[in-house]
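Worksheet: one structure, shown below.
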Amino acid sequence: MKKIIALIFILFVSAGLAQNSQTTTESKNDFSLPIQTGPNFISVTIGGRFILTGTYAAGVSERVDQFITRMCLQAKLPVIDYSFRDITLRSANGKEVKIDLEKFHLNGDLVNNPYLKNDDVLIFPQTDLLLNYFSVFGAVNNPGKFHFVDGDKLKDAIEFAGGINKAYENVTTAEVNRLSFDGKEQNVIKVDLSSDFTLLRGDRIVVIADEAMKKDFTVKILGEVNRPGNIPITKNTTTLAEAIKKAGGLTSKASLKFAKIYSGNSYYALLEGQVGWRTNINYPLQNLGSTDNSIALDNLLRIEDLNMIRMSPLVPEDTSYFRMENRLRVFTEHSGVDFTKLDDPNSDASKYILKDFDLIVIPAKENTIYVFGQVPNQGHVPYVQGKEYKYYIQKAGGFGDYAEQGDVMVIKGNTNQWISVNKNPVIEEGDYIYIPRSTARSFDSYIGQIGGYLAIAASVATVVLLLYQFKK
């Protein structure tokens, strides 16, 4: 008897292991599940317009959302342009109910996510999301376009749009913009948000509220201030002097002569945004090194050039130079504020109004003159008040063998203006001295130049001779 009982037990365990082995093997498949009924499985059919249709196995404790999500994940297919609203759930006895998974995702109401039963059928709606829609804009958290279902109310639209944005105040009214069938006439209906207003297909809803001005208005101050970084400001009322005061004031090393304010759209401000300061910029340059944004930058500059040149009287010879100047304007757009007059409360600098995302750069005093070009040791030379340009060239090693000594230029550090040394400019801290290279000429070039002069002289002589003969 004991042997019979043991044999029965072994057969029972073997059958269980075989069944578990079959289930495990089949579940490893990318998509297939055991299509069978029993204690652990039920059969559910998907129909209508969806990414997949057919009859599949579902767990006895699965809700609609869990089942659909699992099927999509196992199918490894993107769910695009399908609606999770207005789904028909038909039970085996023919009873039908409408469920709305989109609403379940919003508010977690399990009425729209029931448990599945054996032989349930899920039918997804055939819908054109381009025409069967309503849109919501204005003082809501998630403005956009949503799938319309017959019976939708204004409160449903507000819910799909994420509710009223609490940053706005006194939000009580919406405008429903309703087009005629031919799209040529529009009826604007003002509706109280608390009303039970029924929507129609194509309604465009604007939740009315004054624009909230509690925004993160910010400038950034870099360089010689005691607390550099982001400075909160007000909208179009914070002055430059107030912002510097908020930054702890200037340090003793601040060079006001070279300080500048760059607008939020300038190249410098955008580069500063690479480290996380700017999150909302007008020009698409967030990743300046990427191919796409390099193309965007080039297109931006082309558009700027065309807009600026379109109505101009420029001749072709001037166009290239103008393009260079215009592109520098785009890259280095900044104000002409004279920071040296900040201490005067009545000066334009003190009263200058900052704008959101402005970048203020206050460099340190260098007390040097930069000498470069045809000198042996180009670089910074300590500034000595009253010294002429030759002093700094001598400190840089003197003129090189090919230096064009008669064309030396002083480039002013604060204005970038080029001034010939023949005009005896005053050398100031931060200026540059540039020594150009003389043009090396071969013997043939000199012969050619002399030949040109002789040809001109011969032509002049011929004209004089003709005039002389004419007078006779």
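The values are calculated or read from the model by the stated rules, or taken from the named source; none is laboratory data. None of these values were measured; they are calculated from a predicted model. Please note: Cβ atoms are built from the backbone with ideal geometry, for glycine as well, and neighbour counts cover all protein chains shown.
A few points about this structure:
- The condition (being part of a strand (DSSP E or B) and modelled with pLDDT of 90 or more) is satisfied by just one residue among 94, 47: 47.
- Residues being farther than 23 Å from residue 126 by Cβ and over 26 Å from the mean Cα position of the chain (by Cα) - total across the range 140-163: 6
- Residue satisfying all of: in the range 224-251; on the phi < 0 side of the Ramachandran plot and of a type in the set (Gly, Ala, Ser); surrounded by the most Cβ atoms within 10 Å (Cβ to Cβ) among these: 247
- Scope the range 200-231; condition hydrophobic (A, V, I, L, M, F, W, C), more than 23 Å from residue 170 (Cα to Cα) and more than 26 Å from the chain's Cα centre (by Cα); matching residues: 200, 225
- Test: residue in the range 106-129 that is small (Gly, Ala, Ser) and over 30 Å from residue 57 (Cα atoms): no
- Filtered residue count, the range 188-216, keeping only those that are in a strand (DSSP E or B) and surrounded by 10 or more Cβ atoms within 10 Å (Cβ to Cβ): 10
- Residue in the range 114-130 that is within 30 Å of residue 67 (Cβ to Cβ), of a type in the set (Ser, Thr, Tyr), over 30 Å from the mean Cα position of the chain (by Cα) and not in a loop (DSSP other than H, G, I, E, B) present: yes
- Matching entry among 112, 107 (being of a type outside the set (Val, Ile, Thr), exposed (fewer than 13 other Cβ atoms within 10 Å of the Cβ) and closer than 19 Å to residue 146 by Cα): 107
So that you can scan it fast, the table gives a plain yes or no per residue for (1) among the acidic types (Asp, Glu); (2) modelled with pLDDT of 95 or more; (3) not assigned by TED's automatic domain parsing to the domain that holds residue 80:
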position: 102; (1), (2), (3): yes, no, no
position: 105; (1), (2), (3): no, no, no
position: 116; (1), (2), (3): no, yes, no
position: 148; (1), (2), (3): no, yes, yes
position: 164; (1), (2), (3): no, yes, yes
position: 175; (1), (2), (3): yes, yes, yes
position: 181; (1), (2), (3): no, no, yes
position: 187; (1), (2), (3): no, yes, yes
position: 200; (1), (2), (3): no, yes, yes
